Structure formats: C-alpha cells, structure tokens
Amino acid sequence: MRLLLIEDSVRLCETLSAGLSRVGFAVDVVSDGPRGLSYARLNPYDLIVLDLMLPGLDGITLLRQLRAGGCETHVLILTAKDRVQDRVLGLRAGADDYLVKPFDFDELVARLRALLRRRYGKKRPVFELGTLTLNSAEGSARCGDRAVDLSPREYTLLELLAYRSGETVSRIEIEDALYGEHDLPGGNAVDSAVCRLRSKLGELAGGPRIRTRRGRGYALVAGP
C-alpha cells in the first residue's frame, strides 16, 4: 500500500523508508510541511505518517488544512512530543493514531496495518478466502497448514485485491498501491505482478482466483 512519510530527519527517513519498503509499503518521502501538504493533496495515499515539528509548516496546521480540504486519508502522527496535551491536540486536529518517538518499528507497522484495516472496514486481522487465510497483522498468507511463499509486493497486491474481493481493481489503482514515486514501474509491471501472483494462487486447492476484467482491471473471486 502507498504511504507518505512527512519527516525532516534524513536519517529517520532513510531508516523508515527502507524498513517499510521491506514489509511491502510503497513509500514516498517529503521533508518539509509545504511539500508534504502538496503531496498529500495530489496523490492517492493509503496512509500518511506525519511528524509535528516540520520546517515551513508545522504538522498540526498541515493536518488541519488537509481535513478542511476533505482529505480522508488515515494519518498517524509520529513525533517526539509526548505530553498528553500534544496527543489530544493531534487527535482533535484529525489524526487517526499517535505514536511517540523513540518507538518500536514493529509497533509502528502493527499500527499502520490496523489503520489499513480500518480504511477497508475490516475489524479482524485474519480473514479467509476459500482455503486461503490472510493475516493482515503479520502480512502473511496460509493455505491450510502451509505457508504461502509471497514477496512483500505480492502480499500487498493480494491484500489489496482481498480487501476489495469481487470488485474490479484498475491497473492504475494497483500501480499506486505497489510503487512509490522513486520506484516507477515499467509498462507491463502491473500485469507481470498479477501474473506471478495468479500463478501462485493457482497452485492452491480451493483458493481464490484472479480474474481479468478486460479493459478495466482485475478482481479476486472465489475459487472453482
């Protein structure tokens, strides 16, 4: 899923961008408030991770302007400001979650995945599609007692299609979910990613299948 990280610490940006990419997020990074606001307004992000102490425009003002403009993207504030008043202010400004630095990376990922479930109206982290079981808290898939070997990007694609099971997901939506601005795909990258995932799902007895909706995109449907 595509994530915008608005953070002015170069070192933290590099660490978080690498770590979040490894677990399947497509990450765009911005280091100041005005550009962060512009990116958030112009791109279809699934999540935003927002620092509060930013050059040019502070995080609270940025968030208020986003919400006033109708942006509904889930926002997690990630900041060194740890007073109760700061947390209350951030949540009242429209944040969906608040995490204080220093933090544990696994906790950050767990909170982000919980926000993703909320975005798609899913309460439970584990859900089944035929014989296939997805664990969105762990970012893993199983068929019966057998783990399904998926790359982080393949899992992200499967999760996107699963959250919208039965619906047609366009190539543009898939591209936006899988690739950040510095990881632009080739012309057939989406089709290739779908083909690889389809092949792995085809090996699972009773699992879901990916159907091509010609000219429109792809849909995940119950297996035969």
(request) Pull out the extension gain between Thr212 and Asn43, defined as 0.36 nm times the separation in residues minus the alpha carbon to alpha carbon distance; nm, one decimal. (result) 58.3 nm
(request) Quote to one decimal, in nm, the extra length available between Lys123 and Glu72 on full extension: 0.36 nm per residue of separation minus the C-alpha distance between them. (result) 16.5 nm
(message) At 7 Å along Cα-to-Cβ for each site, give me the label-to-label distance between Arg198 and Lys101 in nm.
(response) 4.4
(request) Could you pull out every residue, at least 5 positions away or on a different chain, whose amide H is within less than 5 Å of the one on Phe127? Hs are placed 1.01 Å off N in the peptide plane, and Pro or chain starts have none. (result) Leu134, Ser136
(request) Starting from the coordinates of the alpha-carbon atoms of segment 126-221, obtain the Kirkwood hydrodynamic radius over all distinct pairs and give the value in Å to one decimal. (result) 13.5
(request) Please report how far the C-alpha centroid of segment 188-214 lies from that of segment 117-146, rounded to the nearest whole angstrom. (result) 17
(request) Could you work out the local net charge near Val148, counting Lys and Arg as +1, Asp and Glu as -1, over the other residues with Cβ closer than 10 Å to its Cβ? (result) 0
(request) Using θ = phi - 60° and the Karplus relation 6.51 cos²θ - 1.76 cosθ + 1.60, list the HN-Hα couplings for segment 92-108 in order, rounded to whole Hz, with x at every Gly or Pro. (result) 5, 6, x, 6, 9, 7, 8, 10, 9, 7, x, 9, 8, 4, 4, 5, 4
(request) Please get the size of the charge dipole for segment 126-221, origin at its Cα centre, with Cβ charges of +1 on Lys and Arg and -1 on Asp and Glu, quoted in debye to the nearest 20. (result) 500
(message) Starting from the Kirkwood Rh over alpha-carbon pairs, what translational D in µm² s⁻¹ does the chain have by Stokes-Einstein at 10 °C and 1.306 mPa s?
(response) 87
(message) Quick query: amide H of Tyr98 versus all other amide H atoms, modeled in the peptide plane; which residues come in under 5 Å with a sequence gap of 5 or more or a different chain?
(response) Ile77
(message) If each residue of separation counts as 0.36 nm, what is the full-extension length gain between Leu57 and Asp8 once their alpha-carbon separation is subtracted?
(response) 16.5 nm
(message) Explain nothing, just the number: dipole magnitude of the chain about its Cα centre with +1 on each Lys and Arg Cβ and -1 on each Asp and Glu Cβ, in debye rounded to the nearest 20.
(response) 840
(message) Using helices alone, I'd like the mean residue ellipticity at 222 nm for the chain: each DSSP H run of four-plus residues gives -39500 (n - 2.57), total over residue count, nearest 500.
(response) -12500 deg cm²/dmol
(request) Largest first and to the nearest Å, give the Cα extent of segment 2-119 along each principal axis. (result) 33, 32, 29
(request) Calculate one ³J(HN,Hα) per residue across segment 151-164 by plugging θ = phi - 60° into the Karplus curve 6.51 cos²θ - 1.76 cosθ + 1.60, and present them in order as whole Hz with x for glycine and proline. (result) 6, x, 5, 5, 5, 4, 4, 4, 5, 4, 5, 5, 4, 10
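Bear in mind that the values in this text are calculations on the coordinates, not laboratory data. The structure presented is a predicted model; accordingly, all values stated were derived computationally and were not measured. Cβ coordinates were reconstructed from backbone atoms using ideal geometry, including for glycine residues, and neighbour counts include every protein chain displayed.
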